[in-house]
Amino acid sequence: MLVDNYGRVATDLRVSLTDKCNLRCSYCMPPEGLEWLPGPELLTDDELVRLVALAVGEGVTEVRFTGGEPLLRRGLVSIVERVGALTPRPRMSLTTNGIGLARTAQALADAGLDRVNVSLDTLDRDRFVQIARRDRLADVLKGLVAAEAAGLVPVKVNAVLMRGVNEDEAVPLLRWALAAGYRLRFIEQMPLDAQHGWTRDQMVTADEILGRLAEVFALAPVGADERGSAPAEEWLVDGGPGRVGVIGSVTRPFCGACDRVRLTADGQLRNCLFAREESDLRAPLRAGATDDDLVARMRASLLAKRPGHGIDDPGFLQPVRPMSAIGG
Ligand code: SAM
């Protein structure tokens with residue numbers, strides 16, 4: 001098992017398939033993009049599937065493919081198929097901006113993908129261009145429809161609200177998601193942008209989001225037992241069955257129940273989104289390490305997991321890697 005010193009067991013593996021992205025969301029990366037990881041540093045499909053298989057052997061039951069933009073990874077469908085053939089078969093989901101999903105949703109579902117999370121911060125085309133610096137709202141909306149049609153359900157939609165940009169969209173986004181049958185979750189903006197421009201006062205907090213929603217909807221909290229280790233706190237909307245979630249990573253941290261571990265596209269294991277240290281699996285793997293060696297490294301990484309992300313600690317330092325290179 002991948003267990004830490006506080007008794008938390010890692011069962012949810014987030015696998016970054018690439019650090020590249022076709023959007024340039026202002027809270028994530030600069031307009032010119034970033035220096036992408038050199039190709040030879042990326043895990044090959046075989047290397048990646050081997051590491052995922054070892055993690056599954058250590059008790060991982062959920063695999064989430066992410067990035068960067070995972071739909072940009074050539075071989076994605078085959079990776080999903082291969083991970084889906086592992087025993088025991090992990091549940092598999094994908095976090096994506098939805099661009100290109102209209103073309104690939106059915107193939108991904110056929111390969112065994114269970115679900116998608118699509119990121120969408122606004123329903124307004126001009127604002128989309130302002131936030132993501134690309135005119136691709138229509139593609140995202142088409143991707144969402146295709147995901148639902150392919151049975152990649154429940155389709156979850158992740159939205160980040162920013163002060164003075166789209167904070168007024170909390171209610172319209174929820175109305176839209178309820179009508180379309182998508183599960184909307186608002187994510188607090190985190191200090192993970194490549195530009196290091198995050199400030200606490202610019203962040204729209206979970207309380208603010210809930211306050212705005214409560215002006216229009218009746219929100220009833222879903223029980224803590226149902227939440228388990230999920231990052232989103234959920235509320236039934238107007239008596240249900242529609243729901244809304246809020247991921248208050250900054251103001252309502254959920255580190256005590258964390259069951260996540262991350263593998264970057266270049267083969268570094270991270271025991272926390274905010275970790276400042278990583279465990280290199282790629283170098284030993286390429287030097288001929290045995291499965292036992294690699295598993296020992298995974299276990300050691302988890303043992304070094306801190307009790308919390310420490311954003312509120314006076315000595316907090318943003319991780320060197322931005323979100324896009326960690327795998328969100
Ligand atoms: N490209 C994919 C996507 O758009 O979903 C996967 C990677 S993206 C980094 C994953 C999620 O992280 C997205 O929902 C995005 O909005 C979110 N994200 C990126 N930077 C963030 C930040 N600084 N704070 C909170 N969420 C962030």
Query raised in the report: In which sequence would SER279, SER16, SER229, SER324 go, from the one with the fewest C-beta neighbours within 10 Å to the one with the most?
Result: SER229, SER279, SER324, SER16
Query - Convex hull projection area averaged over all views, the stretch 7-84, Cα basis, nm² - result: 6.4
Query raised in the report: Between exposed GluC sites (Glu not before Pro) in the chain, where DSSP calls loop and at most 16 other Cβ atoms lie within 10 Å, what's the longest gap?
Result: 36-214
Requested in this report: Can you check what the net charge comes to around ALA109, using other residues whose Cβ is under 12 Å from the Cβ of ALA109 (Lys, Arg +1; Asp, Glu -1)?
Outcome: -3
Requested in this report: Decide, for the stretch 201-328, between rounded, prolate and oblate: order the square roots of the alpha carbon gyration tensor eigenvalues as a ≥ b ≥ c, take rounded if a/c falls under 1.5, and otherwise choose prolate if a/b is larger than b/c, else oblate.
Outcome: prolate
Query raised in the report: Let a ≥ b ≥ c be the square roots of the eigenvalues of the Cα gyration tensor of the stretch 184-271; is it rounded (a/c under 1.5), or, if not, prolate (a/b larger than b/c) or oblate?
Result: oblate
**Report entry** Within the chain: Cβ-based charge dipole about Cα centre, in debye rounded to nearest 20 (Lys, Arg +1; Asp, Glu -1)
**Finding:** 400
Report task. Report the Stokes-Einstein translational diffusion coefficient (µm² s⁻¹, integer) for the chain, Rh taken as the Kirkwood radius over Cα pairs, at 25 °C with viscosity 0.890 mPa s. Result -> 122
Report task. Could you state, as a whole-number percent, how many of the C-alpha pairs of the stretch 1-134 are farther apart than 17 Å? Result -> 62
Query - Helix axis angle, 101-111 relative to the chain longest principal axis, alpha carbon, degrees - result: 50
Requested in this report: Give a residue-ordered list of calculated ³J(HN,Hα) values for the stretch 271-279 (Karplus: 6.51 cos²θ - 1.76 cosθ + 1.60, θ = phi - 60°; whole Hz; x for Gly, Pro).
Outcome: 8, 7, 4, 9, 4, 9, 10, 10, 10
Report task. Pull out the extension gain between THR87 and VAL153, defined as 0.36 nm times the separation in residues minus the alpha carbon to alpha carbon distance; nm, one decimal. Result -> 21.5 nm
Query raised in the report: Which angle between 0 and 90 degrees, to the nearest 10, do you get for helix 45-57 versus the longest principal axis of the chain when only C-alpha atoms count?
Result: 90
Query raised in the report: Taking the Cα atoms only, what angle lies between the long axis of helix 170-180 and the longest principal axis of the chain, rounded to 10 degrees?
Result: 80
Query - Cysteines, the chain, no other Cys beta-carbon under 4.7 Å - result: CYS21, CYS255, CYS258, CYS272
Query raised in the report: Given H placed 1.01 Å from N in the peptide plane, which residues other than close sequence neighbours of GLY67 have an amide H under 5 Å from its amide H?
Result: LEU17, GLY328
Requested in this report: Compare the Cα positions of MET162, LEU54, SER78 along the charge dipole of the chain (+1 at Cβ of Lys, Arg; -1 at Cβ of Asp, Glu; about the Cα centre) and return the one farthest towards the positive end.
Outcome: SER78
Report summary line: Percent antiparallel among DSSP beta bridges confined to the chain, nearest 5, equals 30
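Read-outs throughout are calculated quantities, based only on the coordinates presented, and are distinct from any laboratory measurement. Source: prediction; values computed, not measured. All Cβ positions, glycine included, derive from the backbone under ideal geometry; neighbour counts span all protein chains shown.
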